[in-house]
Amino acid sequence: MGRTINTACRFTIIFFVTVLFGCSSLFHEQVDMNFDRIAAADARISLGLAYIEIDERRKAKENLDLALKYAPNYYQSHRALAYYYQIIGDIKTSIHFYQQALRSLPNNGDVLNDFAVLLCKYERYNEAESYFAKSFKQKDYYLVSVSYENAAFCLLKSGDQATAKHYFEQSLAHDPNSYRSLLQLSKLKIEGDQLSNARVLLLRFTQRYGYDSVSLKLFIELEKKAGNTQQVIHYGEVLATQFPEPAPN
């Protein structure tokens, strides 16, 4: 669940394996009493997500189903299955599990963000924005900059550039060095002829990350609009030197 509107989902992944051996019915009873269902579910979720990463979807599903069996009311069990069904394109079931996760923990910023990203992917923009808005309000949610950025890309996709710009600004207010927000807001500022603001953003980007091909192209576009021919030449030369076009076959 990741930097795109992509969506990319964020799970805290803790890899560990619990192995239980039993010799008698009494021992089994003691194991059952002491069995940490949340820890067991977290282990299965970690394993399931690892299998998703290597495209072993059958094994992923087996482990995520076990997580749900161990902890049927645990929001991470539902969230992980929501992500699994999102990956395989089963939107209806994915929505079901996100809703179940929110029933378990209605104010969890991660789940609100992830669900909003899914809704945006399927162009349910109003619903998506409402869930993003709820994530912004969670005082114990420390990835709010990511939610603002995801909301911005969502609104950009919907055609609402003004609100998207506002959300990018909010993303940068919470994380001044956000790679994608710096570049995208610079682009929107250039398109809106706010050239001084765009230049400040691009210089901040360069100070933090150095040049890349996207930022250099934005510098060239900006300086063309500003009528700074020498700067256009300068950034063009840097682009050609640092990021040369591949030779034709």
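The values are calculated or read from the model by the stated rules, or taken from the named source; none is laboratory data. Being a predicted model, the structure only gives us computed values, none of them experimental. So basically every Cβ, Gly included, is an ideal-geometry build from the backbone, and we count neighbours across all protein chains shown. All accessible areas refer to the heavy atoms of the entire protein, side chains included, with ligands and DNA or RNA removed. Shrake-Rupley method; radii C 1.70, N 1.55, O 1.52, S 1.80 Å.
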**OP:** Give the cross-link partners of Lys187 among the lysines, using a straight C-alpha distance below 20 Å as the criterion and excluding same-chain residues fewer than 8 apart.
**Re:** Lys157, Lys165, Lys217, Lys224, Lys225
Original post:
So what's the angle, to the nearest 10 degrees on a 0 to 90 scale, between helix 37-53 and the longest Cα principal axis of the chain?
Top reply: 50
Subject >> Reciprocal of mean inverse Cα separation for the chain (Kirkwood radius, Å) >> reply: 20.6
Original post:
If you put +1 on each Lys and Arg Cβ and -1 on each Asp and Glu Cβ, how big is the dipole of the chain around its Cα centre, in Debye rounded to 20?
Top reply: 320
**OP:** Sticking to Cα atoms, compute the Rg of the stretch 117-239 to one decimal and its Dmax as the biggest Cα-Cα distance, whole number, in Å.
**Re:** 15.8, 49
**OP:** Using the Cα centre as the reference, give the magnitude of the dipole from point charges on the C-beta atoms of the stretch 60-113 (Lys, Arg: +1; Asp, Glu: -1; all else neutral), rounded to the nearest 20 debye.
**Re:** 100
**OP:** With the full set of protein chains in place, find how many percent of the accessible area of the stretch 138-249 is carbon and sulfur; take the probe as 1.4 Å.
**Re:** 52
Original post:
Counting only heavy atoms of protein chains, what accessible area per residue, in Å², does the stretch 165-249 have with a probe of 1.4 Å?
Top reply: 57
Subject >> Integer Hz, Karplus 6.51/-1.76/1.60 couplings in order for the stretch 118-128, x for Gly and Pro >> reply: 4, 4, 5, 4, 9, 6, 9, 5, 5, 5, 4
**OP:** Could you work out which residue, out of Val200, Val117, Val146, moves most in a Gaussian network model of the chain, that is, has the largest mean-square fluctuation with Cα springs under 10 Å?
**Re:** Val200
**OP:** Under 19 Å Cα to Cα from Lys189, which aspartates and glutamates show up? Leave out anything in the same chain fewer than 8 places away.
**Re:** Glu149, Asp160, Glu169, Asp175, Asp212, Glu221, Glu223
**OP:** Round to the nearest 10 and give me the degree value, 0 to 90, for the angle of helix 91-104's Cα axis relative to the longest principal axis of the chain.
**Re:** 70
Original post:
Which aspartates and glutamates have a Cα lying under 15 Å from the Cα of Lys61, excluding residues fewer than 8 positions away in the same chain?
Top reply: Asp42, Glu53, Asp90
Subject >> Within the stretch 133-208: Cβ-based charge dipole about Cα centre, in debye rounded to nearest 20 (Lys, Arg +1; Asp, Glu -1) >> reply: 100
Original post:
How far, in degrees from 0 to 90, does helix 195-209 lean away from the longest principal axis of the Cα atoms of the chain, to the nearest 10?
Top reply: 50
